[in-house]
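The structure under discussion appears below in the form of structure tokens.
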Amino acid sequence: MLSDNVMTQHVTFLSGNAATVPSSISSSLGTLGMSFVSPVQRVNGSREYGFKTPLPKLSFMFWLAIRNRLATGDRLLKWNGDAYGGCVLCQTEVETRDHLFFSCSYSSHDWSALTRDMLGSRYTTRWDSLVDLSTSSALTQIHMFVFRYVFQLTTHSLWKERNGRRHGESPIPAPSLAKMIDKNMRNRLSTLATSGSPIYKSGLRYWFSTHCR
Ligand SMILES: [Zn+2]
């Protein structure tokens, strides 16, 4: 597990071809068995991806997704031609990052259920567009906080479901997973709201206002 002092740290990552991994994260990589990521990596042509998050484990997985470093089917095939590269969620497409998040019929169902009302005209299933939105000034602070939270949580939950299926676990129907993510959002935002921070309380109200079903 990552240490508690990471929990509220302002984490700044770089997307695209570059990344600066905070020392507190990099020191935890050994625990996570992720030694393939060096503590500091810098490549030109990058765009800053910064966020405050109380979920460092999600952030690290999310950071791998942003850098397209997850072991998705297309990458597994490059490493081993005998590997299964198909998407285990829809079983119709090659599994790429952009397919999993959130072009896949399974993923797009959940992403729509969780964010269509919240994002309105900005709603999209395109990964790059969502990363752009999460680094833009298009949303208010509260809306951005909640959006980044659900963006990370949904990505992480879909990745977990994908890994479970690849290891033979029983599949969770898309509507059920969406309900689980919604419940998780409510629980975590409620917990954060008890900290007394106005943004967390507003975030919780905002989530309820767009998910009142
Ligand atoms: Zn799929």
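What follows draws every value from the coordinates through simple rules; no lab data is involved. None of the values given here were measured: they were computed from a predicted structure.
Quick notes on this one:
- Cut-off under 5 Å, modelled amide H: who pairs with Gly86 long-range: Glu95
- Stretched out straight at 0.36 nm per residue, the stretch from Gln91 to Tyr123 would grow longer than its current Cα-Cα span by 9.0 nm.
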